[in-house]
């Protein structure tokens, strides 16, 4: 069944924006009465039928709905990679896995200091639709690591690092299921020693994600996937 994204939900009606309307009317050529699904990015999936198929303003009528429920949460603070393609790959795959929030962070060894928010949001929406998810991950602006470390978070907090002389545990050994988790993943040069120590002093548990030395985007995806597996 064809899937659309809209935040314009009013009563039992959903209004599609220009791009989604054009896709419905001109690309898919759907007719009035055809059954479709719409998601609002907030966790609800609506089963609808087409009420108006106009290429600039289409309208759907809601027949039933389904609320996505999850008893845990996963947020990642990740230093964007110098290679933009690798960062965008991470955004796509993390959304497909069902991440709740992505916080691009700027740390001492960060290689990328500029991100285009509009492009990132388009990638998240496309990945949400492609994977039939109904919740759009929250995307923060590029934020200094210090702000993330000092911010309030109700759940478990972890910082991944590669320093051999700073004690750490494997994520699965210290994670408690059915809770929210915030995991910090550093840039290719890792967090600085001072940054790791600052995070630990603010309640972040030091972890590793296995024996292999991983690229930033690979480590972030493994962290996200591991939390989901541990909660199954």
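Observations, loosely collected:
- Between residue 34 and residue 125, residue separation times 0.36 nm minus the direct Cα-Cα distance comes to 30.5 nm.
- Among (i) 39, 18, 14; (ii) 26, 24, 17; (iii) 28, 19, 19, the entry derived from the coordinates for semi-axes √(5λ) of the Cα gyration tensor in Å: (i)
- Three-way shape label, region 3-67, alpha-carbon gyration tensor, a/c 1.5: prolate
- Rounded to 10°, Cα long-axis angle of helix 117-130 versus longest principal axis of the chain: 70 degrees
- Applying 1/(1 + (r/R0)^6) with R0 = 30 Å to the Cβ-Cβ distance of residue 154 and residue 132 gives a FRET efficiency near 0.55.
- Rounded to the nearest 10 degrees, the inclination of helix 216-230 to the longest alpha-carbon principal axis of the chain is 80 degrees.
- Annotation: the residues 218, 177, sorted from fewest to most other C-beta atoms within 10 Å of their own C-beta, follow the order 177, 218.
- Neighbour-count order for 117, 112, fewest beta carbons within 10 angstrom listed first: 117, 112
- At R0 = 41 Å, FRET efficiency that the Cβ-Cβ distance of residue 164 and residue 67 yields, to 0.05: 0.35
- Value of [θ]222 nm, deg cm²/dmol, for the chain, DSSP H segments ≥ 4, -39500 (n - 2.57) each, nearest 500: -8500 deg cm²/dmol
- Degrees between helix 84-97 axis and first principal axis of the chain (Cα, 0 to 90, nearest 10): 70 degrees
- Contact order relative to length of region 60-123, as percent, for alpha carbon pairs under 8 angstrom and 6 or more apart: 41 percent
- The order of 37, 183, 166, going from fewest to most other C-beta atoms within 10 Å of their C-beta, is 166, 37, 183.
- Each label point was placed 7 Å from the Cα along the Cα-to-Cβ direction; for residue 117 and residue 201 their separation is 3.1 nm.
- Region 14-144 - Debye-derived log10 I(q)/I(0), Cα point model, q = 0.12, 0.16, 0.20 Å⁻¹: -0.55, -0.85, -1.09
We did not get these values from a lab; they are worked out from the coordinates using the rules stated. In this text the structure is predicted, and so the values were computed from the model without any measurement. Positions of Cβ are backbone-derived with ideal geometry, glycine not excepted, and every protein chain shown enters the neighbour counts.
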